[in-house]
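Undergrad: Have a look at this one.
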Amino acid sequence: MAFLGDCVIVFVSQMLFFAGGWLFFNKQLFKHYEIRHISVQLIFSSTFALSITMFELIIFEIIDVLESSSRYFHWRLGLTLLLFMVTAVIPVYICYSVIHSISFFSDRWVRILTTLCWFVFLYGLWRIGEPFPLLSASHGIFTIEQGVSRISVIGVTVMAILSGFGAVNYPYTSMTYFIKPVSRNDIICFERRLALTIDMLTAKKRRIAMAIYNHNKQHPAKPRIWDMLTSAVQRTTSSGEDINQLKLEVYGLEELQRSVFLELSSLKNMEERQRWSQTLQGKYFNVLGHFFSVYCVYKIFMCCINIIFDRVGRKDPVTRGLEIAVHWCGFDIDLAFWNQHVSFLLVGCIVVTSIRGLLLTLTKFFYRISSSKSSNIIVLILGQIMGMYFCSSVLLMRMNMPAEYRVIITEVLGNLHFNFYHRWFDVIFLVSALTTIIVLYLSRKPVRVDDTDLH
């Protein structure tokens, strides 16, 4: 009866997670589009529910909810279903949707090519293990360990890229230190430059149109070959206008217009950020930005140390912090009690921030590249990324849990090389953070606008 009750608890929670994924799909991703394929919505919501269930089971490990055997069963069942979604259901549906959108393929060929593409995907997923220290075929092929070991390479890479970008970009966008001072006169000056450039561009295009019109009016239609020969040698019209020179000037003014517009847009964004930084919310995020800037520097430094000295943490941060508080600071506290509660809070914060961060990123990414024709395919790709991301999160979050709470997770995941994934995360995080710093530094350079082009 206890096992049945545990199954009911997990099932009810999964239904709630499924409903949350369904609402997110309708209210955020597809609020501007018509839902054409209910199957896409079902796949996305199911992947979302299975992903959140992994985090729920981590919380259950810490606060000791459900029987140990029940948690083990649901760990294996949840990971098996999630792997089935990201290795079979979603890839097959993506391949089918892409190939089916090509009109000249018959239904029979669509099925054949979909199957072929899926086998190519599975082959590529298997070959991922060759350059990395993953499990060999001797550990079995269709096992949870093999699936997680290969999916996690992609998932950890995505996590590290997003984490490196976020660790640098968040302080940059929230701290007042990085807001370039902009006056209203600067914006007015660039608005006048843009208006003057547009006027000059319009005038030159009008001159070109009039010159071509007068030329065609004075010279009747001639054979096509004759037009090609004369256009190759004739540069000016009878009115004395050099059309080729005017076209070169128009091209230069168009480039100038683009530069002035981009600089004006940047100045207006900075002005908006200045006003926002004076609000209560802006001041709050400014404080958070200073905190995360320290974290970013610390994380980059620790990644360098871990990579250079081939170092991986042996203890979770909660246990290490409590041991320092007891042995070095002399606090008399109950280690077991505080270890459980602080671990619960830490993992809870990681879970909330991970889910929120990924959903915000997926929403922004979807709005940037989606259209009415490609929206379903993009949602499936985002669902694939989400499944890989959360599957890898479980693997990496294991290090943030005390040893007594990670026993079942280690049992389920088997003989994975956990240290490799942490080291791989450090490498990709460092590359992503440094690349983001370089890109943001280059983007802050002001666009030089040559005023001589306006004369």
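The values are calculated or read from the model by the stated rules, or taken from the named source; none is laboratory data. As the structure is a prediction and not an experimental result, all values here were calculated from the model. Methodologically, a virtual Cβ is constructed for each residue, glycine included, from the backbone with ideal geometry; neighbour enumeration extends over all protein chains shown. Each accessible area value is taken on the protein alone, full model and side chains, heavy atoms only, with ligands, DNA and RNA left out. Shrake-Rupley method; radii C 1.70, N 1.55, O 1.52, S 1.80 Å.
Undergrad: Report the net charge of residues surrounding Ser265, where surrounding means a beta-carbon distance below 14 angstrom and charges are Lys +1, Arg +1, Asp -1, Glu -1.
TA: 0
Undergrad: Just reorder Leu262, Leu430, Leu82 by solvent-accessible area, largest first, 1.4 Å probe, all chains present.
TA: Per-residue accessible area, sorted high to low, gives Leu262, Leu430, Leu82.
Undergrad: Rank these residues by their accessible area, most exposed first, probe 1.4 Å: Arg108, Arg71, Arg273.
TA: Arg108, Arg273, Arg71
Undergrad: Between Leu280 and Thr80, what is the label-to-label distance in nm when each label sits 7 Å out along the Cα-to-Cβ direction?
TA: 5.2
Undergrad: Around Gln14, with a cut-off of 13 angstrom between Cβ atoms, what is the net charge of the other residues, counting Lys and Arg +1 and Asp and Glu -1?
TA: Details: positive: none; negative: Asp6, Glu56.
Charge balance in the 13 Å sphere: -2.
Undergrad: With all protein chains present and a 1.4 Å probe, how do Arg192, Arg207 order by accessible area, largest first?
TA: Arg192, Arg207
Undergrad: Where does the charge balance sit around Arg150 when Lys and Arg score +1, Asp and Glu -1, over other residues with C-beta under 13 Å from its C-beta?
TA: -1
Undergrad: So what does Ile385 come to for accessible area, using a 1.4 Å probe and Å² rounded to 10?
TA: Surface open to solvent at Ile385 totals about 50 Å².
Undergrad: Turning to a different aspect of this structure: Extending each Cα 7 Å along its Cβ direction at Arg108 and Lys180, get the distance between those two points in nm, one decimal.
TA: 6.2
Undergrad: With θ set to phi - 60°, apply the Karplus curve 6.51 cos²θ - 1.76 cosθ + 1.60 along region 278-291 and write out the HN-Hα couplings as whole Hz, x wherever there is a Gly or Pro.
TA: Going residue by residue, I get 7, 7, 5, 5, x, 5, 5, 5, 5, 5, 4, x, 5, 4 Hz, with x marking Gly and Pro.
Undergrad: Taking 0.36 nm per intervening residue step and subtracting the Cα-Cα distance, what contour gain separates Met210 from Glu404 on full extension?
TA: Numbers: separation 194, 0.36 × 194 = 69.84 nm, distance 8.33 nm.
Full-extension gain reported as 61.5 nm.
Undergrad: At a probe radius of 1.4 Å, what is the per-residue accessible area of Thr202, in Å² to the nearest 10?
TA: 70
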